[in-house]
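Q: Let me begin by handing over the structure; questions about it come next.
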Amino acid sequence: MLNLRLERREVTPEIELIATIVAILLAFVIAAFIFLIYGINPLYAYAQIFGTVRKAHRLGEIITKLIPLLLCGIGLTIAFKANTWNIGAEGQLLIGAILATWVALFLSVPEFTRLPLMFLLGFVGGAAWAFIPAVLKSKLGTNEVITTLMMNYIAACFVDYLIYGPWKGAEEWGFPYTNKFPISAWLPTIPKTRIHWPTLIIALVSAVLLYFLLTKTTIGFELRVAGQDERVARYAGISVEKAIILAMIISGGLAGIAGVGEVAGVHHRLRYASSISSGYGYAGIIVALLARNNPILSIITAFFLAILFVGGDAIQVSMGLPFGVVNIFNGIILACLLTSEFLAKYKISWR
Amino acid sequence: METVVEMKGITKRFPGVVANDHVDFDLKPGEIHALLGENGAGKTTLMNILYGLYRPDEGKIFVRGEEVKIRSPKDAMELGIARVPQFPETVDNLSVAENLALLLPGKILRKNKIQSMIKELAERYGLELDVDAMVYELSMGEKQRLELIKALCRGAEILILDEPTTVLTPSEVESLFQVLRRMKEEGKSIVFVSHKLEEVFAIADRITVLRRGKKIATVPAKEITKLELAKLMVGRPVTFELKKEPVVFGEEVLKVNNLRVLDDRGLLAVKGVSFSIRAGEIFGIAGVAGNGQRELVEAITGLRRVEDGEVVILGKDVTNKSSADIIKLGVAHIPDDRRVGAVLTLSVMDNLMLKNYTNFSKNGILDLRKARELAEKLIEKYKIVTPNVNVPVQQLSGGNIARLILARETSGECKLLIAFHPTFGLDVAATEEIRKLLLELRRKGVAILLVSEDLEEIMQLSDRIAVMYRGTFMGIVDSEKAKVEEIGLMMGGVKPET
Amino acid sequence: MEWVTDLLTMMISAGTPLLLATLGEIYAERSGILNLGVEGMMAVGAVTAFGITLVTGNPLLGFLLATLTGCLLACVHAFLSISIRSNQVISGLALSMLGLGISSLAGRRLIGTPLPVTIRKIPVPLLSDIPVIGAFFNQDPVTYTSYVLVVLLWFILFKTKLGVIIRACGENPQAVHAAGIDVYLIRYLCTLIGGALAGLGGAYLSVVYTPTWIEGMTAGQGWIAIALVIFAVWNPIYATVGAYLFGGIRILQYRLQPLGISVPLLKTLPYVCTIVVLVVASSGKFRKRIGAPAALTIPFEK
Ligand SMILES: Nc1ncnc2c1ncn2[C@@H]1O[C@H](COP(=O)(O)OP(=O)(O)O)[C@@H](O)[C@H]1O
Ligand SMILES: [Mg+2]
């Protein structure tokens, strides 16, 4: 093969930053070619996607989308730190949404406790959904990538079951929606936007807390050791099982909260799975990886992905492209990230 | 033709070390040329260059008088060069026949052919092996025989053996030497890599000494004495005299009773082993790798399930207790593989607090300043060479990682130390330091279980010696009365006559 | 007896896309490369085959190009995970996303258009009349091809030197390299075989099984295929059992509908079964006997 000579070098945060930016730029160049192949002018498409940043009310939309992306993303940083490939944030989010809906519509509690209870049960639901694959992985070694993914499909089917079946709203003219939530189950928003600020605050605070957890606590230490090297962890008396389960519970719980935010803050009802989440759980993977599993940096990367998501909506409307096109960017960004990481890690020369 | 192989001015740099520094080496037809040097001297690197696994930064290689570029093992094979690696590189989940098929021509698997080939080699050299056996069922010695057959099956004329005796019992070594002599008679040229003086004298025609990547000398074996050679190899006069003071043993610290443990494949690896160690005693376990030592150590330290029997530490039954519980009793453990003793991607500080991080925490929050202070203290005390406490451990040299593990394990309250190959792969100076440290701990009243393949190390340090063979102890002898020959025989499965 | 034969006939057909994808992934994993991008490669294969068949009216060309695009996508994974030693999980996920994205972009104008041609079943004379067994011989040409592939791939893997090399690459690439064989080449080859067969499996879905284009029509079958590799203990012969079993589950979904069970709930059946299968395959006794290739997901550095 090629006569390349690779030499490892130390990767500094500056190099990582450059690598990340290069990866994103490269991704847009490559995606442009794919657009061209399918007869779409990439420059026009990009103008549509990024034209959105400037307009003020679109900024509101971006922040709105940032909320679930950030919640999923920071949860995943913890899971990935523990070397657990949670691909199931999407499903965990949906379960959170389902439980929030149940509290909103079917539970009789004092009205002022309704929203807190929705968040609580949303967290518990997402965590429980993540707990199953976590236990299977830690006790039996079952591949968590596939189990978490399968549970996404199951969660989505379950949402469909509820909205077509038992929870189908009476006032919705036959549409597969639940009834609208009572106002007491609506999250307050920043005026003129859809930014449900309580969830935003939860997300931002969680990001800081998780950073603290990872770097400054014994639990974080155990998590890092267990995630870096299972054998050494066992040798040091650190329970890998506990680390996996804990990381998954946090990760799933936060995704569940994202689900609560979507139904209580944006939709105010349960509807199609693909309307509740346009792939926030999957995009959360990119949020975490671009941020190098750093919960605080995830705020920036979640913002970037939120731009992309709003852009995806825009090209759907103005160019008639399916929203799934966003996946092209997701995939290429990841691939470019891997490539640029390689370039950062090795000095390459011909020989 | 004067030489079959000539390597001139070979230089190879790795990050931080010059593994080969303008080394010259030549091999004559029909000779056994020993490449002697301490661990880390650069022997394997030089031979990997000849076998096309590494490419030299500088230097030229001539084979049968012609300059060649050896870019891959394929090139080496085409030049008639074969290699027996330091540790068997067999594919354990395939059968012997399939392992050999990797090297043989033909597209379809034909077991008959392979069988007849082995038969021929068996007749010529006495190398026998069951072609149907799965490689994971083989002992280390048998795996090495497979490597030898792999090297021979293509009719190589130039043979590299990289420390071939490490995994062999003394009697297996003798039969290997017979094979080598027969090959020499047939006119094959052999490079015999070793760091053991005795072996080199027993087999070599010429000897080349490497030290810290540099070639020191090439001498005919007949014209040099062992002492001179040792001096060349180490670079200073060697006095291997460790002072082992007599100590009074204290209470019984570890007691192992009729222990039975399975290996990864679910086969019985430890078959009813019993012994006990008292405070201040070093109990050595000798034996060739793969005879159940790893499983025994892992069972004692809580890393592997005990099927039957019991482990008692300081009067407490810890059979099948978690490793965390056992660590809490003051059991330190130096694993044989340094990658198990340290997380290579985490920092020096993280690794130094790997086992006692809870000591630095208040309500689950780590006091990182205190941890750093302690780490810096340990770095100084144990002479760990590192730029600072924050660099990942993978940037440290092997010797420094070994010291780091030792520092962490022995600096705290330690009642029982389990040292598994503690000096593996280290050079003479580092080895000596670590052995001294073990004796120091012994004086302080720590009970030490020393597992090692290095017979010399075991003889030097231990108070009592057990020899492990196929999961059982062949016997336990007092080190004062023990004879090397006797232990050697036991390593090969021969019970002592008493 | 008749209904058994009918059921089996349907199970085989429904299981064929899974079988093809599983066979491909077996080869990739046997060589040490975990490719989680099967779903994406299937989706792209499906949309390619459908589009080409629609435009040219030539399903053969459709299949061919689907296979090629599967290969092309697998190339991305091969480059990332073999040449530049990236994390195979991330790379595979990237591939999945990319594939799904491309399929929705490429298929945006194909939705709802029927195919001008249909691939008919061609019963093998005499053989197809045998009760039960006959189910295997009352199929379409692609399914027949898949039988040949099963036997061929099994033979190569276990009876030829190439097969030994592939398995050795997945167990101990260092040994293969030291034997003078190019590990990268073998791993590339196997990853591409994986891509080709996943593409073919996708093509079968959109051209033969349900000859329409629906966005997301692979519906997780690529992931199920990856689970089936474990279930099949990395053996092409056993892959048939898993694939037809899941084909059966698919049939069951339709059969249970008239009983009044909610459709979305029935849809969870294959996913739940996948988890169950994985748990069984990874639990105790089963795992001890045979595990994943030892070097799976570990990049090889010369
Ligand atoms: N692949 C490698 N990468 C980095 N350093 C290496 C590598 N191989 C060997 N070294 C270093 O080169 C030196 C010589 O090693 P080696 O040739 O294995 O010695 P020997 O075989 O004589 O024990 C050692 O310091 C070792 O750490
Ligand atoms: Mg060596």
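Q: Can B:Gly80 be described as facing another protein chain (nearest Cβ under 8 Å) and at positive phi?
A: For B:Gly80, the condition - facing another protein chain (nearest Cβ under 8 Å) and at positive phi - is not met.
Q: Counting only residues that are more than 20 Å from B:Gly266 (Cα to Cα) and in a loop (DSSP other than H, G, I, E, B), which one in the stretch B:307-320 is least open to solvent (accessible area, probe 1.4 Å)?
A: In this case the residue turns out to be B:Val318.
Q: Scan the stretch B:268-308 residue by residue and report those that are over 22 Å from B:Leu437 (Cα atoms), over 16 Å from the mean Cα position of the chain (by Cα) and among the β-branched types (Val, Ile, Thr).
A: Within the stretch B:268-308, B:Val270, B:Val273, B:Ile300, B:Val306 qualify.
Q: Scan the stretch C:72-88 and tell me whether some residue there is at pLDDT 95 or above, in a helix (DSSP H, G or I) and more than 28 Å from A:Leu290 (Cβ to Cβ).
A: For the stretch C:72-88, residues at pLDDT 95 or above, in a helix (DSSP H, G or I) and more than 28 Å from A:Leu290 (Cβ to Cβ): absent.
Q: Scan C:Ile214, C:Ile186 and give me the residue that is within 14 Å of chain B (Cβ to nearest Cβ) and not basic (Lys, Arg).
A: Only one candidate qualifies: C:Ile186.
Q: Hey, another quick one. May I ask you to verify whether B:Met140 is buried (at least 18 other Cβ atoms within 10 Å of the Cβ), hydrophobic (A, V, I, L, M, F, W, C), away from ligand 2 (no atom under 16 Å from the Cβ) and under 25 Å from the mean Cα position of the chain (by Cα)?
A: It is true that B:Met140 is buried (at least 18 other Cβ atoms within 10 Å of the Cβ), hydrophobic (A, V, I, L, M, F, W, C), away from ligand 2 (no atom under 16 Å from the Cβ) and under 25 Å from the mean Cα position of the chain (by Cα).
Q: Sticking with this structure for a sec: Among (1) open to solvent by 10 Å² or more (accessible area, probe 1.4 Å); (2) more than 8 Å from every other protein chain (Cβ to nearest Cβ), where does C:Lys161 come up short?
A: Just one mismatch for C:Lys161, condition (2).
Q: Taking the options B:Leu35, B:Leu79, B:Leu100, name whichever one is aliphatic (A, V, I, L, M) and within 14 Å of ligand 1 (Cβ to nearest atom).
A: After ruling out the rest, the residue left standing is B:Leu35.
Q: Same structure, new question: When residues of the stretch B:2-32 are filtered for being open to solvent by less than 40 Å² (accessible area, probe 1.4 Å) and away from ligand 2 (no atom under 16 Å from the Cβ), how many remain?
A: Selection size over the stretch B:2-32: 11.
Q: I would also like to ask the following. Would you please name the residue that is surrounded by the fewest Cβ atoms within 10 Å (Cβ to Cβ), looking only at residues in the stretch B:376-399 that are within 15 Å of ligand 1 (Cβ to nearest atom) and closer than 19 Å to B:Thr431 by Cα?
A: Only one residue tops the list, namely B:Val385.
Q: Can B:Gly287 be described as more than 14 Å from chain A (Cβ to nearest Cβ), in contact with a Gly (Cβ under 6 Å, 6 or more places away or on another chain) and closer than 19 Å to B:Glu453 by Cβ?
A: no
Q: Can I ask one more? Quick one: is C:Val148 in contact with a His (Cβ under 8 Å, 6 or more places away or on another chain) and over 30 Å from A:Leu321 (Cβ atoms)?
A: No; evaluated as a whole, the condition is false for this residue.
Q: Kindly provide the set of residues from the stretch B:43-56 that are within 14 Å of chain C (Cβ to nearest Cβ) and more than 10 Å from ligand 1 (Cβ to nearest atom), ordered by number.
A: Those that are within 14 Å of chain C (Cβ to nearest Cβ) and more than 10 Å from ligand 1 (Cβ to nearest atom): B:Leu50, B:Tyr51, B:Gly52, B:Arg55.
Q: Same structure, new question: When you scan the stretch B:58-65, do you find a residue that is within 12 Å of ligand 2 (Cβ to nearest atom) and closer than 17 Å to B:Val4 by Cβ, even just one?
A: Scanning the stretch B:58-65 turns up no residue that is within 12 Å of ligand 2 (Cβ to nearest atom) and closer than 17 Å to B:Val4 by Cβ.
Q: Ok, one more. Cβ-Cβ below 6 Å, separation at least six or inter-chain, first residue in the stretch C:182-195 and within 15 Å of B:Pro73 (Cα to Cα), second open to solvent by less than 50 Å² (accessible area, probe 1.4 Å): which pairs?
A: Short answer, once both residue conditions are applied: C:Val183/C:Cys169; C:Val183/C:Pro173; C:Val183/C:Val176; C:Val183/C:His177; C:Val183/C:Phe300; C:Tyr184/C:Ile82.
Q: For the stretch B:277-292, which residues satisfy the criterion of being open to solvent by 10 Å² or more (accessible area, probe 1.4 Å), touching a strand residue (DSSP E or B) at 6+ places or on another chain (Cβ under 6 Å) and closer than 18 Å to B:Leu262 by Cβ?
A: If the condition is that a residue be open to solvent by 10 Å² or more (accessible area, probe 1.4 Å), touching a strand residue (DSSP E or B) at 6+ places or on another chain (Cβ under 6 Å) and closer than 18 Å to B:Leu262 by Cβ, then B:Asn291 is the only one that fits.
Results for (1) modelled with pLDDT of 85 or more; (2) crowded, with 17+ Cβ neighbours inside 10 Å; (3) over 20 Å from the mean Cα position of the chain (by Cα), shown as yes or no for each residue.
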site: C:Ile249; (1), (2), (3): yes, yes, no
site: C:Gly260; (1), (2), (3): no, no, yes
site: C:Pro264; (1), (2), (3): yes, yes, yes
site: C:Leu269; (1), (2), (3): yes, yes, no
site: C:Ile275; (1), (2), (3): yes, yes, no
site: C:Ser283; (1), (2), (3): no, no, yes
site: C:Phe286; (1), (2), (3): no, no, yes
site: C:Arg289; (1), (2), (3): no, no, yes
site: C:Ala292; (1), (2), (3): yes, yes, no
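Q: Checking B:Asn39 against (1) surrounded by fewer than 19 Cβ atoms within 10 Å (Cβ to Cβ); (2) more than 13 Å from ligand 2 (Cβ to nearest atom), which test does it fail?
A: (2)
Q: B:Arg260: open to solvent by 60 Å² or more (accessible area, probe 1.4 Å), of a type in the set (Lys, Arg) and closer than 19 Å to B:His421 by Cβ, yes or no?
A: no
Q: Take the conditions at pLDDT 95 or above and crowded, with 24+ Cβ neighbours inside 10 Å and apply them to A:Leu120. Does it pass?
A: No: the conditions fail for A:Leu120.
Q: Something else now. Can you work out which of the residues in the stretch B:124-137 that are open to solvent by less than 10 Å² (accessible area, probe 1.4 Å) and either within 16 Å of ligand 1 (Cβ to nearest atom) or within 14 Å of another protein chain (Cβ to nearest Cβ) (or both) is nearest to B:Gly292 (Cα to Cα)?
A: B:Val135
Q: I'd like to check something: does the stretch C:64-79 contain any residue that is within 14 Å of chain A (Cβ to nearest Cβ) and touching a Lys or Arg at 6+ places or on another chain (Cβ under 9 Å)?
A: Checking the stretch C:64-79: at least one residue is within 14 Å of chain A (Cβ to nearest Cβ) and touching a Lys or Arg at 6+ places or on another chain (Cβ under 9 Å).
Q: A further question on this structure: Just checking, which of B:Ala402, B:Ala430 is buried (at least 19 other Cβ atoms within 10 Å of the Cβ) and free of Cβ contacts under 8 Å to residues at least 60 places away in the same chain?
A: B:Ala430
Q: Among the residues in the stretch A:326-339, are any at pLDDT 90 or above, assigned to a helix (DSSP H, G or I), within 10 Å of another protein chain (Cβ to nearest Cβ) and open to solvent by 50 Å² or more (accessible area, probe 1.4 Å)?
A: Scanning the stretch A:326-339 turns up no residue that is at pLDDT 90 or above, assigned to a helix (DSSP H, G or I), within 10 Å of another protein chain (Cβ to nearest Cβ) and open to solvent by 50 Å² or more (accessible area, probe 1.4 Å).
Q: If I filter the stretch B:159-197 down to residues being among the β-branched types (Val, Ile, Thr) and either without any contact (Cβ under 8 Å) to a residue 60 or more places away in the chain or within 17 Å of B:Leu121 (Cα to Cα) (or both), which single residue comes out as farthest from ligand 1 (Cβ to nearest atom)?
A: B:Val179
Q: What about C:Leu296, is it over 30 Å from C:Tyr184 (Cα atoms) and in contact with a helix residue (DSSP H, G or I) (Cβ under 7 Å, 6 or more places away or on another chain)?
A: Criteria not met by C:Leu296.
Q: May I pose another question? Look at the stretch A:220-264 and say how many of its residues are facing chain B (nearest Cβ under 8 Å) and under 19 Å from A:Asn143 (Cα atoms).
A: Here the count works out to 4.
Q: Next question. Is there a residue being within 13 Å of chain C (Cβ to nearest Cβ) and away from ligand 1 (no atom under 13 Å from the Cβ) anywhere in the stretch B:57-70?
A: yes
Q: Can I ask one more? Is it the case, given these coordinates, that B:Lys12 is among the charged types (D, E, K, R) and over 21 Å from the mean Cα position of the chain (by Cα)?
A: Against the criterion (among the charged types (D, E, K, R) and over 21 Å from the mean Cα position of the chain (by Cα)), B:Lys12 qualifies.
The values are calculated or read from the model by the stated rules, or taken from the named source; none is laboratory data. The model shown is predicted, which means the values in this text are computed figures rather than measured ones. For neighbour counting, all protein chains shown are included, and Cβ atoms are generated from backbone atoms with ideal geometry for every residue, glycine included. Just so you know, the surface numbers come from the protein's heavy atoms only, side chains and all, with ligands and any DNA or RNA stripped out. Shrake-Rupley method; radii C 1.70, N 1.55, O 1.52, S 1.80 Å.
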